[in-house]
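Asks: Handing you a structure now.
The values are calculated or read from the model by the stated rules, or taken from the named source; none is laboratory data. Computed from a predicted structure; not experimentally measured. As a convention, Cβ positions derive from the backbone with ideal geometry for all residues, glycine included, and neighbour counts pool all protein chains shown.
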Amino acid sequence: MPLWLFVFLAALAVLAALGVVLQRNPVHCLMALVVVLLDLAVMFIGLGAVTVGFLQAIVYVGAIMVLFLFVIWLLNLQTEERRVAGSIGLRFFGAVGAAALVAELCVFVVKAPSTAGLSHVPPTFGSIGAIAEALFTDYLIAFEATSLLLLVAVIGAVALARRATASRTRSPVPVSPAVHEQIGARQ
């Protein structure tokens, strides 16, 4: 991958990540996160990890982000109201934290080892067979626990949706006949 393309994709990922944090609408935040994850998948493919890139796109963008979108729609999240008053301390600590992260990044970049002395990667590294072997031998319990966790999350979302639907179909709070007479007298 040419350096200019890598820098472009990295800048796009950073801008989209800022969009995730700075957007007020949760659906827009999710769409910016989709851009970040797709950008990372393209970077993986460009760096030679084609399997990891396609798995990134299929699993995270195709499955996890759709699940997040369903949860956002199910919970009916609205645009966040931002308060300006009383947030000067929060902004100060946020700026200090961001400066610390940038300083840490600069230290990592300066002290990073050169790639001249690195050995070549074996040809089977990152292949589907190697990933499947590692996933279904060394990480089988973690893989199954993750699938069970996602299943429980989907069942919970369906249960919450059914309860919300059932509460909407019930009649409103019972009102006594005296209240009905008062409402009729006012009209």
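Asks: Quick test of your reading of the structure: Lys111 fulfils all but one of (1) modelled with pLDDT of 75 or more; (2) surrounded by 10 or more Cβ atoms within 10 Å (Cβ to Cβ). Name the failing condition by number.
Replies: Every listed condition holds for Lys111 apart from (2).
Asks: Based on this model, can you work out whether Leu75 counts as within 30 Å of Val59 (Cβ to Cβ), modelled with pLDDT of 75 or more and out of contact with any strand residue (DSSP E or B) (no Cβ under 6 Å at 6 or more places or on another chain)?
Replies: Working: within 30 Å of Val59 (Cβ to Cβ): yes; modelled with pLDDT of 75 or more: no; out of contact with any strand residue (DSSP E or B) (no Cβ under 6 Å at 6 or more places or on another chain): yes.
Taking the combined requirement at face value, the residue does not satisfy it.
Asks: Please pick out the residue among Ala63, Ala57 that is in a helix (DSSP H, G or I), without any contact (Cβ under 8 Å) to a residue 12 or more places away in the chain and under 30 Å from Ser127 (Cβ atoms). It would help to see each step written out before you state the result.
Replies: Details: Ala57 fails: without any contact (Cβ under 8 Å) to a residue 12 or more places away in the chain.
Within the list Ala63, Ala57, the selection yields Ala63.
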